[in-house]
Amino acid sequence: MKQTRQSLWIRLKEKKNILFDMPNAPKKINRSWVPERKAFSRPVDFSWFYNQTKWRKFSKKYRQNNPVCVACEVQGIVSPAEVTDHVEGIENILKACRNPIDEKECQSLCHSCHNSKSGKESHRKKIKGG
Ligand SMILES: [Zn+2]
């Protein structure tokens, strides 16, 4: 059977109605303890800053001068510095119009300490709600 354009259109409309009118649609479960996901709630991306040659050179030099992870050092562990971290966070430094390429703003961290630091920071942001 040859289908006309119109019959196809009607079938499409019917299909749409079925999709919109789902009797078994998943109901929203109220789980107040689970924070609602917000679209684009990721922190601002500062890769534009970290990809700068100026920062890369500074960061490399900084880790050569400060080759030990400061957070591990406090616990009596000596770990090689792998990340040049901004003590107060790049976002806060830029907001305060301070120079992020400054030894005073930085500390050497290993990957594991840096990850746990950023993890804590984003967790704090979630609790505050932004
Ligand atoms: Zn460490």
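Here is how the numbers come out for the structure above:
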{"item": "Failed condition for PRO100, given (1) within 18 Å of LYS120 (Cβ to Cβ); (2) touching a helix residue (DSSP H, G or I) at 6+ places or on another chain (Cβ under 7 Å)", "result": "(1)"}
{"item": "Selection within the stretch 80-103 - within 15 Å of the ligand (Cβ to nearest atom) and either touching a strand residue (DSSP E or B) at 6+ places or on another chain (Cβ under 6 Å) or not acidic (Asp, Glu) (or both)", "result": "PRO80, ALA81, VAL83, THR84, ASP85, VAL87"}
{"item": "Test: residue in the stretch 104-112 that is under 19 Å from VAL44 (Cβ atoms) and either more than 9 Å from the ligand (Cβ to nearest atom) or surrounded by fewer than 19 Cβ atoms within 10 Å (Cβ to Cβ) (or both)", "result": "yes"}
{"item": "Some residue of the stretch 28-49 being touching a Leu at 6+ places or on another chain (Cβ under 6 Å) and modelled with pLDDT of 70 or more", "result": "no"}
{"item": "TYR62 vs. criteria hydroxyl-bearing (Ser, Thr, Tyr) and more than 16 Å from the ligand (Cβ to nearest atom)", "result": "no"}
{"item": "Counted residues, the stretch 61-107 - those being among the small types (Gly, Ala, Ser) and under 15 Å from TYR50 (Cα atoms)", "result": "1"}
{"item": "Top-ranked residue in the stretch 64-103 [being in contact with a His (Cβ under 8 Å, 6 or more places away or on another chain) and in a loop (DSSP other than H, G, I, E, B); ranked as surrounded by the most Cβ atoms within 10 Å (Cβ to Cβ)]", "result": "PRO100"}
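The values are calculated or read from the model by the stated rules, or taken from the named source; none is laboratory data. All values reported here derive from a predicted model rather than from experimental measurement. Glycine also receives a Cβ, built like all others from the backbone with ideal geometry; neighbour counts cover every protein chain displayed.
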